[in-house]
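This report concerns only the one structure given below.
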Amino acid sequence: MPVNETLSQYSDWSYTTTVAVYVLAMVFFLIEQSFGRQGRQAAARTKERARELVGAGGAPVTSSPATPPASGTTQAPGGRSRAERFGRMGVALTVLGVLLHCSALVLRGLATSRVPWGNMYEYIMAVCLIAVVAWLVMLRKFPVRHLSMFMLLPVVMLMFIGGTWLYSVAAPLQPALQSYWLVIHVSAAAASSGVFLVPGVASILYLIRSRNESNPAKFARFAPKLPSLDVLDRIAYRTTVFAFPVFTFGVLCGAVWAEAAWGRFWGWDPKETVAFIAWVIYAAYLHSRATAGWRGRRAAMINVVGFAATVFNLFFVNLVTTGLHSYAGVG
């Protein structure tokens, strides 16, 4: 079927506007991260803990006085500081960005009369949408709104790369991709990859926070404003537990599609191999996280390695190596 150029143009405009809205939301979240209540309270707790460690074995250390609001955090009507209001506006902008993001994806599909993940540009668009939606779900369960900037940063970077270097004009699918397995296999891969972005960022922040607690001189101005290690660990674990079965389903569907298309379930193609390596790493993370002796920092390091393998599979394997999955850079 011919491509609807008008809908394709609307999709591109929505995509560009989405990136701009996410960037503005990042600015608002940065203000809350720098001056908001959570950051001040976390810094005060870390300062109190350091004083207790210094006073250990000596005279009891009295509690430090309440930390006064920093400049720019004047209480606004309703008991919320100005920084926290910026955070709430950041969430509103993120929701608006998700709506525009979804519109860009749907319009792309309508313009081409197919599922909108047939090339790298569309695949990255879908992955980033899932990542932001997953983070919004986490915001309803954990008090981590002030960390949203760190989650949106890789999303904005991926969308910028996708919209510039990897952009593809709307076009019909290549014959090799005209299969119902494209809907099942690639959608599962995109969904799991998007959700894996959340535990990847949470685990990186976990390592920064844990390193600061063992050596307060490191990241002295930044790490104390992060949530507790327990909160970051639970976010990473719960999102990985959700994404891993979806990822497993996607790998199995890919094997079935490979048998139908190439006459074998597995052929150690570069993308198959790296996907299997990522699967093993995430399986090791879940196993280590469920084992008391491997919780904490070591488990977070495994999760970060799994996230790195996922990003490596997305870019290096698709764009550098040559294999049976090299269909216009399909993810």
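Taking 0.36 nm per residue of sequence separation and removing the Cα-Cα distance, the residue 164/residue 276 pair yields an extension gain of 37.4 nm. Charge tally around residue 290: other residues with Cβ under 14 Å, Lys/Arg +1 each, Asp/Glu -1 each, net +4. One chain, two ends: residue 180 and residue 241. Fully extended at 0.36 nm per residue, the span grows by 19.3 nm beyond their Cα-Cα distance. Neighbour counts of C-beta atoms inside 10 Å place 168, 288 in the sequence 168, 288, starting with the fewest. Of 213, 84, 122, the sequence from fewest to most neighbouring Cβ atoms within 10 angstrom is 213, 84, 122.
Net charge near residue 4, counting Lys/Arg +1 and Asp/Glu -1 over other residues with Cβ under 14 Å of its Cβ? Computed value for this residue: 0. Rounded to the nearest 0.05, the FRET efficiency derived from the C-beta distance between residue 256 and residue 95 at R0 = 30 Å is 0.25.
Computed from the coordinates by the stated procedures, all read-outs in this text should not be read as laboratory data. Computed from a predicted structure; not experimentally measured. Every residue, glycine among them, receives a Cβ derived from its backbone with ideal geometry; neighbour counts consider all protein chains shown.
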